[in-house]
Amino acid sequence: MLQYSLRRLLIGAGMLLALSMLIFVMLRLTPGDPIDAYIDPNVPMSPSDLVELRDTLGLDAPLPVQYLAWLQQAVMGNLGYSIKRPDQPVLSLVFSRIGPTVLLMGSAIVISIIAGIASGMISAVRRNSVVDLSFSLFAVTGISSPPFLSALVGLYLFSVYFDWLPSGGMLTPGRDFSIADLLHHLILPAALLAVAQTALIMRYMRSSMLEVLNQDYVRTARAKGVYEFWVITKHALRNALLPVVTLIGSTIGLAIGGAIFIESVFNWPGMGLLMVDAVENRDYPVIMGSTLVIGACVIFVNILTDLAYAVIDPRIKVG
Amino acid sequence: MNAMSKISSAIAIAAMMATTAMPMLTAPAQAATLSGGFDVGPGGFQGNFNPLAATSGFTWLSVYFEPLVTYDEKLQKVVGLLASSYEVSADQLTYTFKLADAKWHDGKPFTAKDAKFTMGLAQNAKTGSVLAARLTAVSSVEAVDHKTLVIKLSAPSSSLMDTLTKVMMLPEHALSQIAPDQLAKNTWWSTTPIGTGPFKFTRYVTDQYVEMAANSDYRGGKPALEKVINRYFANPAAAIAALRAGEIQFTYVDSNDLGAFKNNKDFRIIEGDSFVVNYLGFNHDSPIWKDARVRQAVMYAINRDAIIQSLYGGAAKTANCAYVSEQVVPKNIEPYAYNPEKAKQLLKEAGWDQINGNKPITLLTYYTTPLAANVMAAVQAMLGQAGINVTPRAVDTPTYNSIVLNPTPDTSQFQMVYAGLQNGPDAGSINVGLNEKQIPPAGPNVARVRMPDLTKALDAALGETDAAKRDARYQEVCKVMNKDLPWGTLWVANRYGVASAKLKDFVWTPAPGGGPYQAHPEKWSIAE
Amino acid sequence: MLGRTSHRSPGPLARAFERFRLNRAAMAGVSLIVPLVVAILTYPFWWSFKPNDIDLLAMNAGPSAKHWFGTDGVGRDVFARAMEGGRISLLVAAASTVISAAIGFLVGAISALAGRWTDAVTMRFVDLVMTLPPVIFLLVLASIAGTGIWPTILVISLLSWPLLARMVRSRLLELRERDFVLAARGMGAGLPHLLFRHGLPNSIDILVVFATLQIANAILLEAGLSFLGLGIAPPAASWGNMLNAARSTAVLEQYPWQWLFPGGALVVTVLAINFIGDGLRDAFDPRAELH
């Protein structure tokens, strides 16, 4: 197990290196550079004002030189400074955003795991009942709606029209931190974000549960006269959870990347917004840095998922 | 307070689940705190704390920093701020500033040495200063005594005072230890900056808000507010939602979002000139615009009045040259009233069928607002009626700049641009967009205007040292533009802010780049 | 149809079709999508307004007998734009699905059938693309490609193929060691032969189900891209950029027809396609192996 984990970590490190090269090349293919992003066409300002800045940033050096310079610093743990906000180191910028994102996505995932697994089980057990049909309808509508649209409508309804919840942000500015204040800001975006996830988990849960319920050992258990409740929770649930765990694992990894739509509508200071802003401003160091951090998280979570899988399913042996 | 909001959020959650219509308010903002979206919209620059690097965002920066001189609230003339008075010598080469009795937020006095130090930073491009190129005419800066600063120029400059309004004074005692090339990277800007303004920096919560507290020692009197908070918003729509929910008391608002605030007694709409002229820039490197009749046809083909009435709700002025203010627009210039027949006639005379015919012409723009999308649709339809087939293409700012500022551009990518350029308060602002000497890479004359008459008129206006004759010079610029059409000038639109009716003595104007201007933040107050 | 299959023992495709036909949700999906697609394709013949004709005197008008879905901010007919937007959205979705299915199949099948080294290299590459944060991949790719129909198709295609490649590979890996493949190899069959004579028939069900669900995904992705200002740029219409208008509170609140109708069309289409996709999945393999 340990050897397996080590090997996976090593492969992961190689992957990060390749990832940084790929994103570096892609970035240089985007039209315009940080200096172009800095110039506001409405303001009488000439590109010659910024020649010095371009020099300082080393943007005129050949690409491999630029990449190696970046890599050399990155290996030593220095991801450089944001270009748009030169007083902010990339690492602290990224870490200040990961917290809010993990909080938002984490809450959404918890909501959707609980709601999704429960409703998926009920649907499977009460197959083709009214409950099943209405859950299915909800699921399929949830998956079929563009996330930004439900976010806009939700924001308008709950914050502007009913005035129940704050319109965005994470904390009330100027007030001391309190958990209640945080929850107050969190509930709406997390709930909206959870809708699609819940629907997805529910569908997987339902089909995987149905499959398991048809398996011989479940039939045997039933035939032996085990109570239906125990059949479902003890025999069926554990096996039905397998594909769902994979699904959840893959979403957790991606979750670090944030949810651009919800974050942008609710003004949530997370990774998604940071990256939208960084790409708009061609803030190369920020994009490279966040790609690296997110990539590392994804790789790490994938390894963890595989290990968790082995724990749940004794048939699988890693190594 | 804590328990209150804990209960309120618990109820809110319960209310949400039961979906009963029980209005839950966020706890009312603390008294004497003004929250606003000061960096929302085109004049804002969220996340920038360094005035030397500021291309915009001056509305917020001037809450805690101050320049020597600033514009008055109407943006008509330059007045003293940290300079209590100033004199200009007869040869326009020596500027003498008498400094006010001001203190930094840490209690140390503000002196001419600080001013000299700041000028040095602003002139030094190594600090990341975006002002350096505009201060090249400055030959020396001397602190004659504690309260007198003398700036000498190598040649007269009509734009020096305008540039000086953007030079925010910085404390020498706090910054002199930092090497110039490390200055921009220093965390001082967003952690412990000090200025001389009416509010003191307290904290910045990364990407959420900046908080300021009243500077009770302010020389203009103790501020009426206790706190000012600048909240960051990812887009204007989020700021509008916060304003309507009562979480902030002020923000910039796009003109097509004003509907909800009109005839609403809880809000006050603040209207102002954007000082940005919108135009269709003909790419003069492309052969299709060579014939002046084609350019005239574009002007006649677009019903600017209809667009202004319907899309801008009447809140824009048609521009027949780069200017709309009376003192620089001569009488009897061609108004280019909407005349589609004349447009077709002119195109026929010019032989448009041979020049380009029905081939699509790329109309490039960096404006991505819903309003701009509607304007482009209207322009496309109107030009299409006349026989000019344009295809709008909206891109983000870096893409736009990389295409148009390229020294050897691909003409097929942008035969035409829909853009804007600042035309005031200093009328000379438009020079960079039209002067032949400013063709990229030297400057942002992206339309590649090569018109000797126009360049001559602009140079004459910029070099005019007699303020009384300056307007006449700019009238000449306007006349040449109106006749030769380097651009198809469209309009100068108004911009808007919306403030809560509870705000008193709140001064805001949609100045280009956010100002600076005399906003007197110390007088702002908020009713209970 | 029924008569034909009853003559002889039905093949797997025919059996799948039969199962699909009996799936009520899937048939509901078909009965939603067919009229919609017909309407979208034929609207210029029976609807008098054009999607880009402006009328500044009739802007922001609500639904009426003349303009069924009302008009937008420059007086364009929302019905015509919803139809035209549907054309573009569906074109983008269909084209990107075909491209990503082709890439996904080729990469997956080559990886499975062309030998271990190729396999290792390609799969590492697929892993790499899947590790790239989708948000960054999307944003950077879209900035490189720019806006418009073909760039959007390209972005969506490049974003969607890795998952399919993995599924095709795992299906075909079993095949690699089977007798008939080994025999074909032994007789000197080239890679194209293996890919299209053995690989394709054996993964056709995965491809069909992927393609259907991917069309639904692509419609949503296009909408998301356009919402960020990266997909189809106005004045061209697409469901995504019509929904973008809802960003303005004025439109969201006062002129809801400008986003409700395209939004409704989008949700109904995606919903119907999801129904069909689920039906196809169940029909091909009741044990649903496609995740």
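Each value in this text was obtained by applying a stated rule to the coordinates, not by laboratory testing. Not measured: the values here are computed from a predicted model. Cβ coordinates were reconstructed from backbone atoms using ideal geometry, including for glycine residues, and neighbour counts include every protein chain displayed.
Along the principal axes of its C-alpha atoms, what lengths does chain C span, in descending order and rounded to whole Å?
75, 51, 29 Å, listed from the longest principal axis down.
By how many degrees, between 0 and 90 and to the nearest 10, does the Cα long axis of helix A:2-29 differ from the longest principal axis of chain A?
With rounding to tens, the tilt is 50 degrees.
Can you work out ³J(HN,Hα) from phi for every residue in segment A:143-152, in order, using Karplus 6.51 cos²θ - 1.76 cosθ + 1.60 and θ = phi - 60°, giving whole Hz and x for Gly and Pro?
Values per residue, Gly and Pro as x: 6, 8, 9, x, x, 5, 5, 5, 5, 4 Hz.
What ranking of C:Met27, A:Met76, B:Met169, A:Met271 emerges when the number of other C-beta atoms within 10 Å of each C-beta is taken as an exposure proxy, fewest first?
Going from least to most buried by this count: A:Met76, C:Met27, B:Met169, A:Met271.
Can you name the helices of chain B, as whole DSSP H runs, whose Cα span along the helix axis is 20 Å or more and whose Kyte-Doolittle mean is not below 1.0? Mind dumping the intermediate values first?
Values: long enough: B:2-18 (24 Å, 1.19); B:370-386 (25 Å, 1.06); B:467-484 (26 Å, -1.18).
Span-like helices, by this rule, are B:2-18, B:370-386.
About its Cα centre, what dipole magnitude does segment C:1-110 give when the only charges are +1 on Lys and Arg Cβ and -1 on Asp and Glu Cβ, stated in debye to the nearest 20?
680
Does chain A come out rounded, prolate or oblate, given a ≥ b ≥ c as the square roots of the eigenvalues of its C-alpha gyration tensor, rounded meaning a/c under 1.5 and, failing that, prolate meaning a/b above b/c?
The shape class here is oblate.
Nearest 10 degrees is fine. How inclined is helix C:116-131 to the longest principal axis of chain C, computing both from alpha carbons?
Between the helix axis and the principal axis of chain C, the angle is about 30 degrees.
I need the per residue convex hull volume for segment A:34-78, using only the alpha carbons, in cubic angstrom as a whole number. Each step should come with its number before you reach the end.
Working: hull volume 3.5 nm³, N = 45.
Considering the Cα atoms of segment A:34-78, their hull volume per residue is 78 Å³.
Rounding to the nearest 20 debye, state how big the charge dipole of chain B is about its Cα centre with +1 on each Lys and Arg Cβ and -1 on each Asp and Glu Cβ. Walk me through the intermediate numbers first.
Values: 48 positive and 46 negative charges, 69 e Å.
Taking the Cα centre of chain B as origin, the dipole is about 320 debye.
With θ set to phi - 60° and the Karplus curve 6.51 cos²θ - 1.76 cosθ + 1.60, what are the ³J(HN,Hα) couplings of segment C:138-145 in order, to the nearest whole Hz, using x for Gly and Pro?
4, 5, 5, 4, 5, 5, 5, 6
Let me understand segment B:304-367 better: what is its radius of gyration from the alpha carbons, and its Dmax, in angstrom?
Considering segment B:304-367 through its Cα atoms, Rg and Dmax are 15.6, 42 Å.
Mind pulling up the Rg/Rh value for the protein assembly as shown? Radius of gyration and Kirkwood radius, both on Cα.
Working: Rg = 31.9 Å, Rh = 32.2 Å.
Rounded to two decimals, Rg/Rh equals 0.99.
What shape does segment B:116-238 take by its C-alpha gyration tensor, where a ≥ b ≥ c are the square roots of the eigenvalues and a/c under 1.5 counts as rounded, a/b above b/c as prolate, and the rest as oblate?
Prolate, since a/c reaches 1.5 and a/b exceeds b/c.
Between their Cα atoms, which of B:Lys290/B:Lys359; B:Lys344/B:Lys479; B:Lys200/B:Lys227; B:Lys166/B:Lys523 are more than 19 Å away from each other?
Working: B:Lys290/B:Lys359 16 Å; B:Lys344/B:Lys479 25 Å; B:Lys200/B:Lys227 9 Å; B:Lys166/B:Lys523 22 Å.
Beyond 19 Å between Cα atoms: B:Lys344/B:Lys479; B:Lys166/B:Lys523.
Rounded if a/c is under 1.5, else prolate if a/b beats b/c, else oblate: with a ≥ b ≥ c from the C-alpha gyration tensor eigenvalues square-rooted, which is segment A:1-118?
Taking the square roots of the gyration eigenvalues as a ≥ b ≥ c, segment A:1-118 is oblate.
Mind putting a number on the dipole of segment B:69-172 about its Cα centre? Charges go on the C-beta only, +1 for Lys and Arg and -1 for Asp and Glu, and I need it in Debye to the nearest 20.
Roughly 180 debye for segment B:69-172.
Using the alpha carbons of segment C:54-185, what is the convex hull volume per residue in cubic angstrom, as a whole number? Working shown, then result.
Values: hull volume 19.3 nm³, N = 132.
In segment C:54-185, the Cα convex hull volume per residue is 146 Å³.
Let me have the relative contact order for segment A:163-300, percent, based on Cα pairs under 8 Å that are six or more residues apart.
23
Give me A:Leu304, B:Leu258, B:Leu131 ranked fewest to most by other Cβ atoms within 10 Å of their Cβ, as a rough exposure proxy.
By the 10 Å Cβ count, ascending: A:Leu304, B:Leu258, B:Leu131.
Are there cysteines in the protein assembly as shown with no other Cys C-beta under 4.7 Å, and if so, which?
A:Cys297
List the equivalent ellipsoid semi-axes of segment B:406-455 in whole Å, largest first, each obtained as the square root of 5λ for an eigenvalue λ of the Cα gyration tensor. Numbers along the way, then the final one.
On the way: eigenvalues 77, 34, 18 Å².
So the three semi-axes of segment B:406-455 are 20, 13, 10 Å.
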